[in-house]
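K.L.:
Sharing a structure here in structure tokens format.
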Amino acid sequence: MLKSACQRILYGFLRCHRCKSTMVNVDQCAEQICQLVDQAGKQLLEASKELRKFETKAHSRDLVTTTDGAIEKQLMQGLQLKFPQHVYIGEEGTAGAATGRKLSDAPTWIIDPIDGTINFVHGFPYSCISVGFWLNQQPELAICYNPLLQQRFTARRNAGAYLNGQRIRVSGQTQLQRALIMHELQAANFPRELIDRQICNAEQMMLKAHALRTTGSAAMNLCLVALGAADGYFEFFPHAWDVAAGVLLVREAGGVIIDPAGGDFDIMSRRLLATATPQLAHQMVQALANWQIYEQRDDV
Ligand code: LIP
């Protein structure tokens, strides 16, 4: 399965605009990350069979397990071996300590070792390893692997999106009143006002759409939109590493990725709207117009 899923995203070299000199062999990048994610998937699967102890980070709902750290380290070391010049940004901070979390034109790996860590801790099968490879501040490669459901989503810019090697497409839904919408509500340690805004947005969508669904993983939500199993997804607060791969999957499956206020998507802004069509995007922007949320950027 790995072979077919990865065969689909191999075909060539690319040049880094800014540092003209850097020729990036994207085939090598695709082959290397596919093998590393395959190994990491086995690690995640093994760890999911044991008691999943956790610690908390910024607040009581911001969980981390030893598996998060181990997988990020394994991916980092495997990539740095082949690509010492590339830039790394990772959730657990193994990556990017030197460069901070600023996105430049340089070849950059944006890694979430386990997206959906709370799900992983509880054994709720919506967690995945998510890696996006960006160049010139644009996504080039994407892989989201959920070994619990044996789902491997891969994409390459201008080469399509795939699930286990099979081409996938968004649903084509153009009407909000007929749409299934993914979203996430976060309590974190937010002030009441931010919680109320999220609830107002959920209420707006609940009143207008077919139904709302939540998985607890931004990456899995984007995979479901790319697969056409959901028609839209909006969230305020996802981090760059939660969405760096999923946004390419949705775009290569024919979907739309914008800012929830209608402007261009900015990966560091912690704001995202993904839809099957521009028409649906327009209706969702209108539905979210009154309760926009602006959180601290990832690169600040
Ligand atoms: C999760 C995101 C999700 C968000 C969760 C959490 P993590 O990432 O994928 O969108 O709502 O609060 O941030 O922490 O499991 O990698």
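The values are calculated or read from the model by the stated rules, or taken from the named source; none is laboratory data. Source: prediction; values computed, not measured. A quick note on method: Cβ atoms are made from the backbone with ideal geometry, for glycine too, and the neighbour counts reach across all protein chains shown. Heavy atoms of the whole protein, side chains included, go into the accessibility calculation; ligands, DNA and RNA do not. Shrake-Rupley method; radii C 1.70, N 1.55, O 1.52, S 1.80 Å.
K.L.:
So, in nm, how far is label ASN136 from label ARG178 when the simple model puts each one 7 Å beyond its Cα toward the Cβ?
P.N.:
3.8 nm
K.L.:
What is the distance, in nm, between label points placed 7 Å from the Cα along the Cα-to-Cβ direction at ASN164 and at ASN189?
P.N.:
Here the modelled spin labels are 4.2 nm apart.
K.L.:
Round to a whole number: what % of the accessible area of the chain belongs to carbon and sulfur, probe 1.4 Å? If you can, show how the numbers build up before the last one.
P.N.:
Working: 6520 of 12770 Å².
Roughly 51 percent, rounded to a whole number.
K.L.:
Multiplying the sequence separation of GLN286 and GLN39 by 0.36 nm and subtracting their Cα-Cα distance, what value in nm do you get?
P.N.:
Values: separation 247, 0.36 × 247 = 88.92 nm, distance 4.32 nm.
The span from GLN286 to GLN39 would gain 84.6 nm if fully extended.
K.L.:
Next up: Once R0 is set to 35 Å, what does the formula 1/(1 + (r/R0)^6) return for the Cβ-Cβ distance between GLU46 and VAL300, expressed as a FRET efficiency to the nearest 0.05?
P.N.:
Values: r = 37 Å, r/R0 = 1.06.
Once rounded, the FRET efficiency stands at 0.40.
K.L.:
What FRET efficiency comes out for ILE199 versus ASN25 if R0 is 35 angstrom and r is the Cβ-Cβ distance? Round to the nearest 0.05. Intermediate values should be presented prior to the final figure.
P.N.:
Working: r = 48 Å, r/R0 = 1.36.
Here the calculated transfer efficiency is 0.15.
K.L.:
Quick check: pseudo-label points 7 Å beyond the Cα along Cα→Cβ at ALA211 and LEU149, how many nm apart are they?
P.N.:
Once both label points are built, they end up 1.4 nm from each other.
K.L.:
Residue farthest toward the positive end of the dipole of the chain, with Cβ of Lys/Arg at +1 and Asp/Glu at -1: which of PHE190, ALA159, GLN296?
P.N.:
ALA159
K.L.:
Using 0.36 nm per residue, how much length does the chain from LYS102 to MET268 gain when fully extended, once their Cα-Cα distance is taken away?
P.N.:
Numbers: separation 166, 0.36 × 166 = 59.76 nm, distance 0.83 nm.
Result for the pair: 58.9 nm of gain on full extension.
K.L.:
Now a separate question. Can you count the Lys pairs in the chain with C-alpha separation below 23 Å, eight or more apart or on different chains?
P.N.:
14
K.L.:
In terms of modelled amide H atoms, which long-range or inter-chain residues lie less than 5 Å from the amide H of CYS128?
P.N.:
Amide H to amide H, under 5 Å and 5 or more residues apart or across chains, CYS128 pairs with ASP115.
K.L.:
Mind pulling up the Rg/Rh value for region 57-203? Radius of gyration and Kirkwood radius, both on Cα. Can you show the working numbers first?
P.N.:
Values: Rg = 17.5 Å, Rh = 17.6 Å.
We get a ratio of 0.99 for region 57-203.
K.L.:
Sticking with this structure for a sec: Under a 1.4 Å probe, what is the accessible area of the chain per residue, stated in Å²?
P.N.:
Numbers: 12770 Å² over 300 residues.
The answer is 43 Å² per residue.
K.L.:
Follow-up. Run through all the Cα pairs of region 176-291 and give the fraction in each 10 Å bin from 0, expressed as whole percent.
P.N.:
Reading upward from the zero bin: 15, 53, 29, 2.
K.L.:
At 222 nm, what value in deg cm²/dmol follows for the chain if DSSP H runs of at least 4 each add -39500 (n - 2.57) and the sum is divided by all its residues, to the nearest 500?
P.N.:
Details: 9 runs with 101 residues, N = 300.
Value at 222 nm, helices only, nearest 500: -10500 deg cm²/dmol.
K.L.:
OK, next. Ordered by residue, what ³J(HN,Hα) values in Hz, to whole numbers, does region 103-118 give under the Karplus form 6.51 cos²θ - 1.76 cosθ + 1.60, where θ = phi - 60° and Gly and Pro are x?
P.N.:
Residue by residue, region 103-118 yields 8, 10, 6, 5, x, 10, 9, 10, 10, 10, x, 9, 8, x, 5, 4 Hz.
K.L.:
Continuing with this model, one more query. Determine, at each q value in 0.10, 0.12, 0.13 (inverse angstroms), the log₁₀ of I(q)/I(0) that the Debye formula gives when each Cα of the chain is one equal point scatterer.
P.N.:
One equal scatterer on each Cα of the chain leads to -0.50, -0.73, -0.86.
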